[in-house]
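This report concerns only the one structure given below.
The values are calculated or read from the model by the stated rules, or taken from the named source; none is laboratory data. Being a predicted model, the structure only gives us computed values, none of them experimental. No Cβ is skipped: glycine too gets one built from the backbone with ideal geometry, and neighbour counts run over all protein chains shown.
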2 protein chains.
Amino acid sequence: MTSIVPRLPHPADFAAPPGAADLARWAESDEAARPARLARLRARFSAEGIDAYFGIRPEHVRYLTGFSLEDGEDRVAGNSGRFLISGDEVVVLADSRYRLQAGAQAPGARIEATTYDLGSIWPALVKGVGAKRVGVEGGFVSHQQWGELQKAAPDVELVPVAGWIEGDRATKEPAEIERIRAACAVADRALASIVRRIKPGVTERELALALEWEMRTGGADALAFGVACLTGPDAALPHGSPSEREVCRGQVLLFDFGAMVAGYRSDMTRTLFVGEPTARDLAIYEIVAAAQKASIELVAASARGDRPAANGREGDAAARQVIEAAGHGEYFGHGTGHGIGLATHELPSLSRTASEDPLPSPTVFSVEPGIYLDDETGVRIEDLVLYDTTARKLERLTCFPSEVLVVGV
Amino acid sequence: MTSIVPRLPHPADFAAPPGAADLARWAESDEAARPARLARLRARFSAEGIDAYFGIRPEHVRYLTGFSLEDGEDRVAGNSGRFLISGDEVVVLADSRYRLQAGAQAPGARIEATTYDLGSIWPALVKGVGAKRVGVEGGFVSHQQWGELQKAAPDVELVPVAGWIEGDRATKEPAEIERIRAACAVADRALASIVRRIKPGVTERELALALEWEMRTGGADALAFGVACLTGPDAALPHGSPSEREVCRGQVLLFDFGAMVAGYRSDMTRTLFVGEPTARDLAIYEIVAAAQKASIELVAASARGDRPAANGREGDAAARQVIEAAGHGEYFGHGTGHGIGLATHELPSLSRTASEDPLPSPTVFSVEPGIYLDDETGVRIEDLVLYDTTARKLERLTCFPSEVLVVGV
């Protein structure tokens, strides 16, 4: 049986927020790492016969050039932040609103003026870098824009490419791992700061806002994603939003949340018990905890070299088998885990359809099985782990206890 | 010369936040309006020879069905929230994480299970509604997904459609206008709540967070977008993010921010003066204020029927001419305004490339000229206006004063 946490955690149990020296060091690390990141991308050009890469994912322009948009800002940024990389040039597009910012954040890039009409500058843009065959992020460039680019420069061939930078980003640099670790600590501290405020009658929305506030005044640049705070039957909604529902004694209280620190994200789920747990909720918690443990033990053995290198399907299956064996397989509809970094969901994936290649290393991913009983209750336990086959270790980066924790009493 | 606001505004100067009765009324209004919204969409089918519409914009699924995702949630929601509308059916896709939520929020829709692999369900999905020629949001569906759908059901023709629902959404229903008005009031009150806290030495980031907090605890479901708080030379970045820069006497302080109320957004920019304005900043402010006034007067005359119906190019030109005449044309790089509603930027546009058709009515848009002097200063004044040719009126929905306002003294 899962042990019960003997006391409520305190913020001081967890690492302190990053300071200015950390931020400066990470900025330097990024700058130092960019030539290698670009080199990895360019190394793929010849095999595909392309001479440039056109990208639009905000994570990619940040990773390769330093230019960064806030979450969702790409929706209003037009073509600003889109980029073209040739064998020897890095071009970042910026309209008048973003010109100064792009110049400051991406000193290694040439900043080219753009408007909402990308087709109008496309021929000069590709000619400027001497490209005739351009790899394009076809999973993200819209059907319409693809057609506009083709029409604007019919002699320039567009080649859909997918997963290149995503694949590179799955393997983490030390300074990337430091930031994910720091983001985990910000989240740990934030939850520890609010657990004493959980009382019957407080609403999901109040708690979600309190948790957000603690992260954002406690070292986070931003949230990794909107805080989920779901109680009782709401916890059966794996992606529900906090409502005016009040916390009640005898129900679960699920928090799924993460911080962003210097661009890198954390992600953690804790399902707490408000007052004495019901037998049903406790039984489900035990199964989910056992499922998470099974998956973590499998990937830990793989990291240590005690078994053949694991892939994401095996990491998923280990957790899923436990839930299926307990008769709840149909109530665990999502995958067991996902990579995390500049994006909340990235490679590697732990799921039934994940790659059968061995997990990359070093990498960071979530392990987050759950069981959801419609209109009744839900339990998910999610931690981030650092998987490192060179260091032969698996390390849990989210440090808030995951044993049964009773609050609100 | 622009007058100086005689005293700092108080939160109580503005309308109170919406209550539960308002929220209930708006939910009812949406439900009542959906048949007409669907009918407008379906009325376009025959002219294009399509028998169904496949959409992926989160605003669209909310507008037509009620299913709503938080900002950015579509990035992790896979295909959940994508929808197919035929002549007599509304289908919303939801994976296991979203199934319950979709059922509750979109009672008029059939909820179909999906995975990340849309191609695998596409043939059955289109067959299920009897579609052979499907209009697809080609400006948003990726090049790759378009290809997957084509391949999955080669006998189903995909027809790119653009701007249909966007065009319908530009004309606002009364309950939509009420919500934008309420979102404006939440933002007005929030700024009024923090103006006394602006003192030399406080940072952009601290003020941005304080303003956000006031909105989110003062009636907003969420922010319309991340708060911009930019001081001194930072104000020359029209889309800059708040930094650790401290507010200084003798500099401008620009806030660009908005609230979301029941899904609808506001957007407002105020450029305040910290202590005695410099002659340069004041001169620029005067020009921007005159430019905004010129645009607003033009569209007001159009709304009243005192001149031919204005289009978005004319609305833009009126402001631009003032700035150009003052010799600052090159420092006003963006458009004069944009529609707003379920999205922060939507139709109609007020810009040099806007539609030459008359503005829709009733509609709500921003009027937000600006002048940005690199590394020196920036001024933008942005209000939302309700444009209604039937009521023959133009009404400013953002009520926080826009005259010169000195703070921090």
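This table checks each residue for (1) over 22 Å from B:Gly329 (Cα atoms); (2) out of contact with any Leu (no Cβ under 7 Å at 6 or more places or on another chain).
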{"position": "A:Leu84", "(1), (2)": "yes, no"}
{"position": "A:Glu89", "(1), (2)": "yes, yes"}
{"position": "A:Gln101", "(1), (2)": "no, no"}
{"position": "A:Pro107", "(1), (2)": "yes, yes"}
{"position": "A:Val129", "(1), (2)": "yes, no"}
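For the stretch A:91-110, what are the residues that are over 21 Å from B:Gly139 (Cβ atoms), away from every other protein chain (no Cβ under 13 Å) and crowded, with 20+ Cβ neighbours inside 10 Å?
Those that are over 21 Å from B:Gly139 (Cβ atoms), away from every other protein chain (no Cβ under 13 Å) and crowded, with 20+ Cβ neighbours inside 10 Å: A:Val91, A:Val92, A:Ala106, A:Ala109.
Can you name the condition, by its number, that B:Gly167 falls short on among (1) more than 26 Å from the chain's Cα centre (by Cα); (2) small (Gly, Ala, Ser); (3) more than 12 Å from chain A (Cβ to nearest Cβ); (4) surrounded by fewer than 22 Cβ atoms within 10 Å (Cβ to Cβ)?
(1)
Can you run down the residue pairs with Cβ atoms below 6 Å, 6 or more apart or on separate chains, where the first is in the stretch B:187-216 and more than 14 Å from chain A (Cβ to nearest Cβ) and the partner is of a type in the set (S, T, N, Q) and surrounded by 24 or more Cβ atoms within 10 Å (Cβ to Cβ)?
Once the first residue is more than 14 Å from chain A (Cβ to nearest Cβ) and sits in the stretch B:187-216, its partners that are of a type in the set (S, T, N, Q) and surrounded by 24 or more Cβ atoms within 10 Å (Cβ to Cβ) give B:Ala187/B:Ser266.
Within the set of pairs 6 or more residues apart or between chains, which connect a residue that is under 20 Å from A:Gly201 (Cβ atoms) inside the stretch A:268-279 to a residue that is charged (D, E, K, R) and outside any strand (DSSP E or B) with Cβ atoms less than 7 Å apart?
Note: pairs meeting the criteria are A:Phe273/A:Asp281; A:Val274/A:Arg249; A:Gly275/A:Arg249.
Considering every residue within the stretch B:276-283, establish whether at least one is more than 29 Å from B:Asp357 (Cβ to Cβ) and buried (at least 19 other Cβ atoms within 10 Å of the Cβ).
Of the residues in the stretch B:276-283, the ones more than 29 Å from B:Asp357 (Cβ to Cβ) are B:276-283.
If we keep only those that are buried (at least 19 other Cβ atoms within 10 Å of the Cβ) as well, we get B:277, B:281.
For the stretch B:276-283, residues more than 29 Å from B:Asp357 (Cβ to Cβ) and buried (at least 19 other Cβ atoms within 10 Å of the Cβ): present.
Restricting the search to the stretch A:218-255, which residues are within 11 Å of another protein chain (Cβ to nearest Cβ), under 19 Å from A:Ala182 (Cα atoms) and either touching a residue at least 40 places away in the same chain (Cβ under 8 Å) or outside any loop (DSSP other than H, G, I, E, B) (or both)?
Within the stretch A:218-255, A:Ala220, A:Asp221, A:Ala222, A:Leu223, A:Ala224, A:Phe225 qualify.
From the list A:Phe14, A:Phe83, pick out the single residue that is touching a Cys at 6+ places or on another chain (Cβ under 8 Å) and not acidic (Asp, Glu).
Just one listed residue meets the conditions, A:Phe14.
Mind checking which residues of the stretch A:345-368 are under 16 Å from the mean Cα position of the chain (by Cα) and either closer than 25 Å to A:Gly329 by Cα or not assigned by TED's automatic domain parsing to the domain that holds A:Asp267 (or both)?
Those that are under 16 Å from the mean Cα position of the chain (by Cα) and either closer than 25 Å to A:Gly329 by Cα or not assigned by TED's automatic domain parsing to the domain that holds A:Asp267 (or both): A:His345, A:Glu346, A:Leu347, A:Pro348, A:Ser349, A:Leu350, A:Ser351, A:Phe365, A:Ser366, A:Val367, A:Glu368.
Which residues, counting only those in the stretch A:293-337, are surrounded by fewer than 17 Cβ atoms within 10 Å (Cβ to Cβ), away from chain B (no Cβ under 14 Å) and not hydrophobic (A, V, I, L, M, F, W, C)?
Of everything in the stretch A:293-337, those that are surrounded by fewer than 17 Cβ atoms within 10 Å (Cβ to Cβ), away from chain B (no Cβ under 14 Å) and not hydrophobic (A, V, I, L, M, F, W, C) turn out to be A:Glu297, A:Arg304, A:Gly305, A:Asp306, A:Arg307, A:Pro308, A:Gln321, A:Glu324, A:Gly327.
Looking at the stretch A:39-61 only, could you name the residues that are within 17 Å of the chain's Cα centre (by Cα) and either acidic (Asp, Glu) or within 13 Å of chain B (Cβ to nearest Cβ) (or both)?
A:Arg57, A:Pro58, A:Glu59
Go through the stretch A:138-156 and report how many residues are outside any helix (DSSP H, G or I) and either within 14 Å of chain B (Cβ to nearest Cβ) or buried (at least 17 other Cβ atoms within 10 Å of the Cβ) (or both).
Total meeting the criteria: 7.
With the structure loaded, tell me whether A:Ala343 is at pLDDT 95 or above, assigned to a loop (DSSP other than H, G, I, E, B), under 17 Å from A:Ser366 (Cβ atoms) and of a type in the set (A, V, I, L, M, F, W, C) or whether it fails that test.
It is true that A:Ala343 is at pLDDT 95 or above, assigned to a loop (DSSP other than H, G, I, E, B), under 17 Å from A:Ser366 (Cβ atoms) and of a type in the set (A, V, I, L, M, F, W, C).
Would you point out the residue of the stretch B:228-245, among those that are out of contact with any helix residue (DSSP H, G or I) (no Cβ under 8 Å at 6 or more places or on another chain) and surrounded by fewer than 22 Cβ atoms within 10 Å (Cβ to Cβ), that is nearest to A:Asp74 (Cα to Cα)?
B:Ser241
Can you give me the number of residues within the stretch B:314-335 that are outside any helix (DSSP H, G or I), in contact (Cβ under 8 Å) with a residue 40 or more places away in the chain and touching an Asp or Glu at 6+ places or on another chain (Cβ under 9 Å)? Explain how you work it out, then say what you get.
Start the filter on the stretch B:314-335 by keeping residues that are outside any helix (DSSP H, G or I), which leaves B:326-328, B:332-335.
Then drop every residue that is not in contact (Cβ under 8 Å) with a residue 40 or more places away in the chain, which leaves B:328, B:332-334.
Pick out the ones that are also touching an Asp or Glu at 6+ places or on another chain (Cβ under 9 Å) and you get B:332-334.
Count: 3.
Please verify whether A:Ser355 is within 14 Å of chain B (Cβ to nearest Cβ) and assigned to a strand (DSSP E or B), treating the condition exactly as stated. Working first, answer last.
Values: within 14 Å of chain B (Cβ to nearest Cβ): yes; assigned to a strand (DSSP E or B): no.
Taking the combined requirement at face value, the residue does not satisfy it.
Filter the stretch B:338-350 for residues that are facing another protein chain (nearest Cβ under 9 Å) and in contact with an Asp or Glu (Cβ under 8 Å, 6 or more places away or on another chain) and give the result. Break it down into steps so the answer makes sense when it comes.
Initial filter on the stretch B:338-350 (facing another protein chain (nearest Cβ under 9 Å)): B:338, B:343-345.
Result: B:His338, B:Ala343, B:Thr344.
Determine which single condition A:Ala290 fails, assuming it passes every other condition in (1) at positive phi; (2) among the aliphatic types (A, V, I, L, M); (3) surrounded by fewer than 20 Cβ atoms within 10 Å (Cβ to Cβ).
With respect to (1) at positive phi; (2) among the aliphatic types (A, V, I, L, M); (3) surrounded by fewer than 20 Cβ atoms within 10 Å (Cβ to Cβ), A:Ala290 is out only on (1).
Take the residues in the stretch A:371-409 that are within 14 Å of another protein chain (Cβ to nearest Cβ) and over 18 Å from the mean Cα position of the chain (by Cα); name whichever of them is surrounded by the most Cβ atoms within 10 Å (Cβ to Cβ).
The qualifying residue surrounded by the most Cβ atoms within 10 Å (Cβ to Cβ) is A:Gly378.
Can you report the number of residues in the stretch B:9-59 which are surrounded by 16 or more Cβ atoms within 10 Å (Cβ to Cβ) and part of a loop (DSSP other than H, G, I, E, B)?
9
Residues in the stretch A:70-85: is at least one away from every other protein chain (no Cβ under 14 Å), surrounded by 20 or more Cβ atoms within 10 Å (Cβ to Cβ) and touching a residue at least 40 places away in the same chain (Cβ under 8 Å)?
Yes, the stretch A:70-85 has at least one match.
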